[in-house]
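Before any comments, here is the structure.
Derivation of every value follows stated rules applied to the coordinates shown; laboratory data play no part. No experiment lies behind these values; they were computed from the predicted model shown. Here Cβ is always computed from backbone atoms with ideal geometry, including for glycine, and neighbour counts include all displayed protein chains.
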Amino acid sequence: MGAFDKAKDQAEQMKGRAKEKFGDATDNESLENEGRADELKGKAKEKWHDLKEEADDKLHDAKERMAGRDRDER
């Protein structure tokens, strides 16, 4: 995952935690729930980016192995 995406996802999580704490401090259940949702959304995006990067790496490795076999067969 790019550093920018990771920072953005973590910022969304921090924003969610802040909203949740502010909602808790002010007895605003709606804001508290919104904060939880933002935090979960940030975590989900971060996990998605991690999985996508892992898949891209595996695909790249497979292509490298295939390219190596093609050269060996010639």
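Its DSSP H runs of at least 4 residues, each contributing -39,500 (n - 2.57), put the calculated 222 nm mean residue ellipticity of the chain at -33500 deg cm²/dmol, to the nearest 500.
When the inverse distances between all different Cα atoms of the chain are averaged and flipped, the Kirkwood radius reads 14.5 angstrom.
Modelled label positions at A37 and E53, each set 7 Å beyond Cα in the direction of Cβ, lie 2.8 nm from each other. Label-to-label distance for A18 and A62 is 4.2 nm, based on points extended 7 Å past Cα in the beta-carbon direction. Relative to the longest principal axis of the chain, what angle (0 to 90°, nearest 10) does the C-alpha long axis of helix 29-73 take? Here the helix axis deviates by roughly 0 degrees. Against the chain, whose longest principal axis comes from its Cα atoms, helix 3-25 is set at around 20 degrees.
Approximating the spin labels as points 7 Å out from Cα along Cα→Cβ, the K8-to-T26 distance works out to 2.7 nm. Placing +1 on the Cβ of every Lys and Arg and -1 on the Cβ of every Asp and Glu, with no other charges, gives the chain a dipole of roughly 260 debye about its Cα centre. For L31, what charge total do you get from the other residues with a beta carbon under 9 Å from its beta carbon, if Lys and Arg give +1 and Asp and Glu give -1? After counting each charged neighbour, the total is -4.
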